[in-house]
Each structure stands twice: as C-alpha cells, then as structure tokens.
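Here the structure comes first, spelled out in structure tokens, and everything after it is commentary.
The values are calculated or read from the model by the stated rules, or taken from the named source; none is laboratory data. A quick note: this is a predicted structure, and the numbers were derived from the prediction, not measured. With ideal geometry, Cβ positions are generated from the backbone for all residues, glycine too; neighbour counts draw on all protein chains shown. We work out accessible area using only protein heavy atoms, side chains counted, and drop any ligands, DNA or RNA first. Shrake-Rupley method; radii C 1.70, N 1.55, O 1.52, S 1.80 Å.
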Amino acid sequence: MRDRQASRAARRAREFEAFVAGAAGRLLHTATLLTAEAPDANPRARRLLTLALAHTYAGWDRLHGDDPYDCARQYLATRFQRGAWHQYGAVGRARPHPRSPLVELNPQERLVLVLRMYEGVAEEQAAALLGLPVEQVHSICDRATATVLHPAPVSPAPRAARATPSWASRPAGRPR
C-alpha cells in the first residue's frame, strides 16, 4: 500500500516537474506583461507565477486530463484581477515600469490584452473568465490595442509652463 502511494507521489512529482519545465517560462512572461514590470526585475510577476504553480500543483490530481497550462493561466489571470485593486488602487501606488511595452494601459486593459493577444484566449472565454460581457471585452481589447500601437506623444513642457499653475494664467474675473 505504501509502495503504491510512494510510486503515485513520485509519478505526480515527475509529471509536475515536466509541466513546470515546459510552461514556466511562458507563464512568467505572461505574469510580467500583466504586472508591467521590467523583464529583469519582476518580483510581483514571480510571486504571481509561484502562486499559480502552487495552485496547479495542489489540484494536480483533480485535473483528470484537463490542460494544466490552462488551469495555471486562469489562476494567474484571476489572481492578478483580484489583486490589481490592492496593488494599483485608486491612486496607483505600484506604478508600471517605464520600459514595459504595456506601461500606458491600466490593469484591466493589460489583462484583457494579454489574454486575447499574447495567450490567444477567445473573447467568449476571456469574458467568462473575467465576468464581463463579450462586447466589453471586445471594446477593452480594441482600446488597449490602439493605445499600444499609437501611444500618445510625450513632449516635455517648457520649465516656465510647468511652474505656472493653470489658474494663474487666466485673467481675473473670467470663469473657467
């Protein structure tokens, strides 16, 4: 009995190690895109990956032929979605890295764009995963794609213009 359990545990460990060897790189890249961190400095992405792999390993025996990559990706997306409000919040405490290709996007736009374009998840599946209508996923993806393909030009304002408050440049007595 114990030999059979030990054999099953060893097989499970080998299967999971093979899965991690094949999928961890892509999942880490997905997590890095979601968190908009630099590829060489991505502690939040690594934490997301660790949580997703731990969740996948915990449910390994219950997969019964399901794709473990899909399970890990779904957990990665839902964990990012739940944690985005706490990490980024209304005031944006954790800012994306300026070298990230998705720096201009908010967390929801990054999530939809990464799922749809990088991971190749269908609109219907992404909508079901995120709990959004298909039309909203479509519009978020379109808006995010347009933002990435056509970023707003960043031109530094002259020093004098930055130092002058907007209310100081209006003549007195005129409403806004």
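Screening R170 with (1) more than 22 Å from Y75 (Cα to Cα); (2) modelled with pLDDT of 55 or more gives one miss only, at (2).
Annotation: A54 fulfils all but one of (1) touching a residue at least 12 places away in the same chain (Cβ under 8 Å); (2) closer than 30 Å to C141 by Cβ; the unmet one is (1). If you go through segment 62-103 and keep only what is open to solvent by 90 Å² or more (accessible area, probe 1.4 Å) and modelled with pLDDT of 85 or more, you end up with R62, D66, R82. Within segment 104-121, if we keep just the residues that are open to solvent by 40 Å² or more (accessible area, probe 1.4 Å) and of a type outside the set (S, T, N, Q), the residue that is farthest from T145 (Cα to Cα) turns out to be G120. For the residues A23, A9, the requirement of being part of a helix (DSSP H, G or I) and under 27 Å from C141 (Cα atoms) singles out A23.
Only residues that are in a helix (DSSP H, G or I) and of a type in the set (S, T, N, Q) were counted in segment 102-131, giving 2.
Just one of the numbered conditions (1) farther than 30 Å from R8 by Cβ; (2) of a type in the set (S, T, Y); (3) at pLDDT 80 or above is not true of T164: (3).
Specify the residue that is farthest from V114 (Cα to Cα); the eligible residues are those in segment 33-56 that are assigned to a loop (DSSP other than H, G, I, E, B) and open to solvent by less than 20 Å² (accessible area, probe 1.4 Å). Taking the candidates together, the pick is N42. Would you mind stating whether G120 is at pLDDT 90 or above and of a type outside the set (K, R)? Taking the combined requirement at face value, the residue satisfies it.
Considering the conditions (1) at pLDDT below 95; (2) loosely packed, with under 10 Cβ neighbours inside 10 Å, A21 is excluded by exactly one of them, (1).
Summed over segment 1-37, residues that are over 17 Å from Q74 (Cα atoms) and either among the β-branched types (V, I, T) or within 13 Å of the chain's Cα centre (by Cα) (or both) total 2.
Each row is one residue, and each column tells you yes or no for (1) touching a helix residue (DSSP H, G or I) at 6+ places or on another chain (Cβ under 7 Å); (2) in contact (Cβ under 8 Å) with a residue 12 or more places away in the chain; (3) small (G, A, S).
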{"position": "A13", "(1), (2), (3)": "no, no, yes"}
{"position": "G22", "(1), (2), (3)": "no, no, yes"}
{"position": "L28", "(1), (2), (3)": "yes, yes, no"}
{"position": "D40", "(1), (2), (3)": "no, no, no"}
{"position": "R44", "(1), (2), (3)": "yes, yes, no"}
{"position": "L63", "(1), (2), (3)": "yes, no, no"}
{"position": "C71", "(1), (2), (3)": "yes, yes, no"}
